[in-house]
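Okay, structure first, notes after.
The values are calculated or read from the model by the stated rules, or taken from the named source; none is laboratory data. A quick note: this is a predicted structure, and the numbers were derived from the prediction, not measured. Neighbour counts run over all protein chains shown; Cβ positions are idealised from the backbone, glycine included. What goes into the accessible areas is simple: the full protein's heavy atoms, side chains included, and nothing from ligands, DNA or RNA. Shrake-Rupley method; radii C 1.70, N 1.55, O 1.52, S 1.80 Å.
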Amino acid sequence: MFGLEMPPITPEFWAILGTLILLEGLLSADNALVLAVMVRHLKGEMQRKALAYGIGGAVVLRILGVLLASFILEYWWLRAFGALYLAWLAISHFIKKTHTADEAEASAKGRGFWPTVVLLNLTDLAFSVDSILAGVALIPRGMPREQGLTIVVMGGIVGLILMRVAATVFLKVLNKYPAFDDVAYALVGWIAVKLGIETLEAAHEVFPAVPTFHMPTVMFWGVMAAIAVIGSYLATRRPAMTDAQAAARAEAIVHHMDETVVDAADGRIDGR
């Protein structure tokens, strides 16, 4: 089921991997920020315990996400659901009025310990599905399933690493320039269009009556580059805070997570 094969090292391979790293970095940082604010209403020791369960859930759900990816790559009709979900994700991001972290804090506030843990893991599930589907959507339709799954696995591993190693960097960027969140979801929306078109192509092969379109590879990556460049330019024009403030806030969140991991490793997760 999980047969893996290294794809050819081509410019497209590096473009896919680079896009995954960018999206994983931004989404993982957003995930870390959301998890941190969702436990604020709990007492100190309960915050650490709930956050530990949330981080553990993120790891487990990423692993399960690879299983999901293996099925999506194999069955074209599952890609249709993936395209619709990514499209809904991008559209809902731009039409809602509050930031994800603000919504998460509001939904968790007043909940007890276990309801908060459940909500943390549901949030992890959403972020895991987002990342995995984005990875699947970037895989060229003609690429062998084993090679495509290898790239998705690489993206998932990168996401887990970035959630800690580069968390401070991406959190600092998101803190200072919140509009980078919009850039990430604009990329996700365009990726959803690509996945939808490829789904129609696959459906046309089974049901000739289904209308089909084709998106040239150059067109897809050209629009991706335009979104990244123009979006980054617009995002950096409106800083929400200074470098020092953004760095301090990012380091505080990462420090909180580091304490949680240490507690879990030495048996002090209950705050003793």
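Assuming R0 = 45 Å, what is the FRET efficiency of THR10 and ILE95, from their Cβ-Cβ distance, to the nearest 0.05? Don't skip to the answer; put the middle values down first.
Values: r = 37 Å, r/R0 = 0.83.
About 0.75, to the nearest 0.05.
Give the calculated FRET efficiency between ALA226 and ILE161 to the nearest 0.05, with a Förster radius of 35 Å applied to their Cβ-Cβ distance. Walk me through the intermediate numbers first.
Working: r = 28 Å, r/R0 = 0.81.
The computed FRET efficiency comes out at 0.80.
At 1.4 Å probe size, put LYS194, LYS96 in order of accessible surface, largest to smallest.
Values: LYS194 20, LYS96 65 Å².
The ordering from most to least exposed comes out as LYS96, LYS194.
Assuming 0.36 nm per residue, please report the length gained on full extension of the stretch LEU125 to MET215 beyond their Cα-Cα distance. Working shown, then result.
Values: separation 90, 0.36 × 90 = 32.40 nm, distance 3.04 nm.
The LEU125-MET215 span can extend by a further 29.4 nm.
Taking every pair of alpha-carbon atoms in the stretch 45-92, what share in percent sits in each 5 Å bin, from 0 to the bin with the longest distance?
In whole percents, the pair-distance histogram is 5, 18, 15, 16, 17, 13, 9, 5, 2, 0.
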